[in-house]
Structure formats: C-alpha cells, structure tokens
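Undergrad: My questions will all concern the structure given below.
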Amino acid sequence: MLQSVKELLSGLEERLEEPTARGLARAVSRGLRDGLLGAGDRLPPIRTVATELGLSPTTVSAAWALLARSGAISTDGRRGTTVATEPGFGSVRYRRALGHNSSFDLDLSTGVPDENLLPDLSRVLRSMTVTATPSSYLEDPVLPELLDVLRRDWPANAAHLTVVDGAMDALDLICRSVLRLGDRVIVESPCFPPLLDLLEALRVDVVGVPVDDEGLRVEPLAAALAGPASRSAVGSTAATVAVFLQPRAQNPTGASLSAGRAAELAELIRGTNALIIEDDSAGAVAASDAISLGLLLADRTVHIRSFSKSHGPDLRLAAISAPPEVMHEITGRRQLGQGWSSRLLQRILLGLLTDPVSIREVAEAREEYARRRALLVGALADRGVTVNGRDGMNIWVPVADEPAAVLRLASQGIGVTAGAPFAALPGQSGFIRVTAGLLADRHAQVADALAVAARAGGWPGVLR
Ligand SMILES: Cc1ncc(COP(=O)(O)O)c(C=O)c1O
C-alpha cells in the first residue's frame, strides 16, 4: 500500500516503460496489480506527477483520462483523483441478468437450452472404447479425428483450430491474449452480458454499436471505427483493437448476419487493424447457416463455435479458429494452465458429431427451436407487439418499462430477463429477453401475458 507521494512517484518511474500517456497508464495499472497502489489511494496532482516524471501535464492528464475511462481511477472534485474500488471481477451483469426467482412456474429468463432437445449421450457413451490414458500430457491437445470433423463445415479458414472449455473460456483466453489495459474494442449493443463483464474486468474501453436483424449496423460501425472525434483524451485517437460480434442467432436479439452485411462489415474493417472476434454460441441449433467474416478477412478473424446449446452445456466444449499469431498466443497461454480440454469429453463430442442418430436429434432440436420461436413471435404480432430478429432461442421483446414488465410477469409466475444488463450503449433500454426456446406449448397464453406486460407502466399517450 502507498507510503508517500515520493515513494509512489519513484514506484511509477520504475514501472514506466515509455514516456507516453499509454505508458503511464500501464505503469499505474502495473502498480495496482503489484500493490504499489490500492483502492481509495489518492493520486498526486497532475503537475506534480508531470514534473517528477519528466512528462508534460497533457500526457499525465491523458493517462488519467484513459485510466478513468477503463474504470481504474475516478475523479471527484473534492477528493481529487483516487484509485477506484475493485470492480470485484464478478460477473456483475451476468448475475443481474440471471438474478431470477427459481419459483417461477414458467422460467423463460435463463437463455439455456431445453434439456429435452439435447442429444441422448447414452449410445455414444456405450460405444466408447478408449479410456483416459496417462500419456494425455504428451498427446496433441485436440483429437486429430475431431479436428477433421470440425473442418468439414467450418465457415472460416480452419488451418489453425483448437478446442477449449466452452465459448466463455474461448472469449476469456482470446481477450487475455490480445487485449491490453485501455485498448478500444467494439461490441454489439445489445450483447451477451458476460462479455461486457469480461471486458470491464480487463479494463478495456468498450464502444457499443447497435445491431439490426442482419447484424452490426454499417454506418454506426464506420463511425465507431473512425473514433469519437469529440473526445480530447489520448484514448480517442487509439485505434480499435477488436470488434466482437455474434454471427448468427445473436443473444439476445436473434439477429443473424446476412452475406451482404458480412461483406459490408468486412470492407469497413479491412481498412483498420482490428481483429474480428466471432462468437457462434448457438452453433448447430441456429436456423441460419454458419457464416463468418473469416472467408473475407482470413488473417484477421477469430471464430468460436460453442457446443453448449446444441450438444449440452456440460460438455463444456467450443472450437476456435484463429490467425496463426493469435492461435500461438492462445495455446501458449493455455499451456500455462489446464493445457487441453478433456479428451474424454472430446471423444463424446466426436461421437455426437458423427453418429447418425445424434446428428438427427440435433437437426430435430434446431427445427423445434425455430418452431417455438416462430409461434411466440407470431402470437405476439397478433397482439400488436413486433419482435425483430430471426434466429436462436431468445426473443427481444420491446416494452414500455422494463422493471414494470418483469415484475408484472413475475407476479404471474413467468420469469423473463430485463434488457438493461445487455446494453452496451447508454440509454438503450425498453426490452426484455424471453427464452422462447424453452416454451414447448401455451404460446397464445404466454403471448397474452407478454403483450400486457409490454404495455405495463408506460405508453402514457395511450393510457392518459
Ligand atoms: C453469446 C454467447 N456467448 C457465449 C455463451 C457461453 O457459451 P459456453 O456455454 O460455450 O461457454 C453463451 C451462452 O449462453 C452465449 O449466449
């Protein structure tokens, strides 16, 4: 913990690798990690830091702005600039989004697959002859037969492919491999709350770009890639390091990239150095075909496919393709930890991906999810509530007042998720996420309740 201003400044000087705002921000962040600074510590005035470290006051102020944007420090007129309290590295939005009441008669808040629509594991398990071997430490991290099967329908360049413990593990590994404090990244808004939690924990600068039915919108993306001209801090000129998107069955909106939109996005991103990170979490249960910007920007696209929704969350498996240098980082980082995903689980997945009965079961699940979604969306349209999006197990229902809608439905025993935790843009509200994929029947009855809840607490022009 901090002893004196002098000690702090010499500590920062030791950690300062380059005399720039970004260099100073990194030095402060290193100091936070190794205990030079702690939550609540006050930073000396800008002029003092500038004089003692031989930097200009503008550089110090830009470093402070960068740290403030990433949430590491905060400035309050009276107390000056202080180190923020730890964000807690919790999945804040995730917990908020899933903070559901398990006593719901009908819980459509979870976003999880219907267990009745997962393929039956027993046949594949019975057919397994290979058991765990002690040589696991020495073998290839991914079963070569599984790599072959994955490559058959991979939508991007699959020269470098690996398998990890689910899409969240993939995102975590990729983010830790390619992002640094204060980096600027673009995400879809709304998007998957745990991604926002992850990015926040890494203290990167997150810029939301709205999505429509075909994915990220082109003009707002172009503006976001160009950078916020109005900001004067150093971060404003920083290039975007990564663009995160869900190529199909976007959670929560159900958007899926069209080929035309994919081409437009690729064209825009081509003019930058940004890496594209695609999270195909619905995988084989998405109604749309697999799609990736990787066919157009092979050396810049990371593509993730999860098997949680299609084959079972407890398999905990996802595959990643990435450009060679990114793959090198990811696998190197992984070797420092668990090294590989259980080959027993990989064998089960391989069985499920090649066994004709399992393939049929997954295809039936895909059709059933599409049927359930269409029935609920259609019933809502009949009741005057328009739901956009076209794929996936969730629907994004516009409501007049989120808390009022969630409460009203809860009082009727129906669980849904408020939209706020999904927002990556300020002021974006007025939706609830409903996991239509869990609703096998009673579509009209549930649509009645949703339509009334959508109007709860608002639309004053109508109510007054
Ligand atoms: C968009 C998105 N990404 C990632 C995940 C997590 O996937 P996994 O279970 O493979 O970690 C989910 C799960 O709902 C998701 O919706």
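The values are calculated or read from the model by the stated rules, or taken from the named source; none is laboratory data. None of these values were measured; they are calculated from a predicted model. Positions of Cβ are generated from backbone atoms using ideal geometry, with glycine treated the same way; all protein chains shown enter the neighbour counts.
Undergrad: Check the stretch 277-289 and report whether any residue there is away from the ligand (no atom under 13 Å from the Cβ) and out of contact with any helix residue (DSSP H, G or I) (no Cβ under 6 Å at 6 or more places or on another chain). Talk me through it step by step, then tell me what you get.
TA: In the first step, residues of the stretch 277-289 are kept if they are away from the ligand (no atom under 13 Å from the Cβ); the result is 287-289.
Filter once more, keeping what is out of contact with any helix residue (DSSP H, G or I) (no Cβ under 6 Å at 6 or more places or on another chain): 288-289.
Scanning the stretch 277-289, I find at least one residue that is away from the ligand (no atom under 13 Å from the Cβ) and out of contact with any helix residue (DSSP H, G or I) (no Cβ under 6 Å at 6 or more places or on another chain), so the answer is yes.
Undergrad: Go over the candidates Glu329, Glu368 one by one and state the one that is among the acidic types (Asp, Glu) and closer than 26 Å to Gly111 by Cα.
TA: Step by step, each of Glu329, Glu368 is checked, and only Glu368 is among the acidic types (Asp, Glu) and closer than 26 Å to Gly111 by Cα.
Undergrad: Is one or more of the residues making up the stretch 291-303 among the small types (Gly, Ala, Ser) and within 11 Å of the ligand (Cβ to nearest atom)? Break it down stepwise before answering.
TA: Taking the stretch 291-303 first, the residues among the small types (Gly, Ala, Ser) are 292, 294, 298.
Still in the list and also within 11 Å of the ligand (Cβ to nearest atom): none.
No: zero hits.
Undergrad: So, one more: Specify which of the listed residues (Val326, Val241) is in the same structural domain as Leu195 (by TED's automatic domain parsing), surrounded by fewer than 21 Cβ atoms within 10 Å (Cβ to Cβ) and either more than 11 Å from the ligand (Cβ to nearest atom) or at pLDDT below 95 (or both).
TA: Checking each option against the conditions leaves just Val241.
Undergrad: Sort out which residues of the stretch 75-126 are of a type in the set (S, T, N, Q), farther than 30 Å from Val28 by Cα and at pLDDT below 70, and write them in order of number.
TA: Those that are of a type in the set (S, T, N, Q), farther than 30 Å from Val28 by Cα and at pLDDT below 70: Asn101, Ser102, Ser103.
Undergrad: Pairs please, first residue from the stretch 295-306 and under 15 Å from Leu265 (Cβ atoms), second anywhere and within 13 Å of the ligand (Cβ to nearest atom), Cβ atoms under 6 Å, 6+ apart in sequence or on different chains.
TA: Qualifying pairs under 6 Å: Val302/Ile174; Val302/Ile277; His303/Glu278.
Undergrad: Given the conditions (1) more than 30 Å from Val206 (Cα to Cα); (2) buried (at least 21 other Cβ atoms within 10 Å of the Cβ); (3) in contact with an Asp or Glu (Cβ under 9 Å, 6 or more places away or on another chain), and given that Ala453 satisfies all but one, which numbered condition is not satisfied?
TA: Of everything listed in (1) more than 30 Å from Val206 (Cα to Cα); (2) buried (at least 21 other Cβ atoms within 10 Å of the Cβ); (3) in contact with an Asp or Glu (Cβ under 9 Å, 6 or more places away or on another chain), Ala453 misses just condition (3).
Undergrad: All but one of (1) under 25 Å from Asp205 (Cα atoms); (2) of a type in the set (A, V, I, L, M); (3) part of a loop (DSSP other than H, G, I, E, B) hold for Ile269; state the number of the condition that does not hold.
TA: Looking at each condition in turn, Ile269 falls short on (3).
Undergrad: Further, regarding this structure: Looking at the stretch 247-262, which of its residues are part of a loop (DSSP other than H, G, I, E, B) and not β-branched (Val, Ile, Thr)?
TA: Passing the criteria: Pro247, Arg248, Ala249, Gln250, Asn251, Pro252, Gly254, Ala255, Ser256, Leu257, Ser258.
Undergrad: Test Arg203 against the criterion of being touching a helix residue (DSSP H, G or I) at 6+ places or on another chain (Cβ under 9 Å), more than 27 Å from Gly283 (Cα to Cα), surrounded by 19 or more Cβ atoms within 10 Å (Cβ to Cβ) and modelled with pLDDT under 95, and give yes or no.
TA: When the stated conditions are applied, Arg203 passes them.
Undergrad: Consider Ala274 carefully, then state whether it is crowded, with 24+ Cβ neighbours inside 10 Å and either outside the structural domain of Asp165 (by TED's automatic domain parsing) or touching a residue at least 24 places away in the same chain (Cβ under 8 Å) (or both).
TA: Taking the combined requirement at face value, the residue does not satisfy it.
Undergrad: Also, quick follow-up: Got a number for residues in the stretch 1-50 being assigned to a helix (DSSP H, G or I), of a type outside the set (A, V, I, L, M), over 16 Å from Thr82 (Cα atoms) and more than 32 Å from the chain's Cα centre (by Cα)?
TA: 6
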